[in-house]
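**Q** One structure follows; several queries about it will come next.
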Amino acid sequence: MTKEKEKTWQEIPIGGLITEAGNAQKYKTGDWRTFKPVRDEAKCTNCLICWIYCPDSAIIIQDGKIKEIDYDHCKGCGICEKVCPLKCIKMEK
Ligand code: SF4
Ligand code: SF4
C-alpha cells in the first residue's frame, strides 16, 4: 500500500474544515484514545447494548454478534463500559 503524501499547511482547508463528505473512514481517530475497551468474550451475551450506544460505530457486528472493536476509530469514551449490563467491558491503558 502506498502512503498518501501529507498535505502542507498551505494545502489543507482554511480553519480545518472537512469539505469532502464521507471521509471519516480515512481518519484514524482512535489515535486520540488513552484508554481502550477490552471485552470479556466469555461473559458477553451479545445483547448489543454497547453497540447501540457507541457514538463512533466502533463496535463491529457480524451475524448479530460482536466481531471486534475497531480500535482505529474507537476514541475510548468509555460509554460501552458504562452501559454494559454485565460489566464485561473494561477500559484499559
Ligand atoms: S453490552 Fe456487554 S453483554 Fe451486551 S454486547 Fe456489549 S459487551 Fe456484550
Ligand atoms: S470506548 Fe466509546 S468509542 Fe470506543 S467502543 Fe466504547 S463506546 Fe465506542
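**Q** Can you check what the net charge comes to around GLY30, using other residues whose Cβ is under 12 Å from the Cβ of GLY30 (Lys, Arg +1; Asp, Glu -1)?
**A** Net of charged neighbours comes to 0.
**Q** Once you place label points 7 Å from the Cα toward the Cβ at ILE49 and LYS3, how far apart are they in nm?
**A** About 4.4 nm, to one decimal.
**Q** Under 16 Å from the 7 Å Cα→Cβ point of ILE61, by amide nitrogen: which residues of the range 74-93?
**A** Inside the label zone: 80, 84-85.
**Q** Give me the log10 of I(q) over I(0) for the chain at q = 0.12, 0.16, 0.19, 0.21 Å⁻¹, as the Debye formula computes it from C-alpha points; what are the numbers?
**A** Result of the Debye calculation: -0.48, -0.73, -0.90, -1.02.
**Q** Pairs LYS26/LYS87; LYS67/LYS90; LYS3/LYS75; LYS5/LYS65: which are spaced more than 26 Å apart, C-alpha to C-alpha?
**A** Too far apart for the 26 Å limit: LYS26/LYS87; LYS5/LYS65.
**Q** What's the exposure ranking of TYR53, TYR27, going from fewest to most Cβ atoms within 10 Å?
**A** TYR27, TYR53
All of the numbers you see were taken from the coordinates with simple rules; none came from a lab. Note that the coordinates shown come from a computational prediction; the quantities given were computed from them, not determined experimentally. Heads up, the Cβs are rebuilt from the backbone with ideal geometry, glycines too, and the neighbour counts pull from every protein chain shown.
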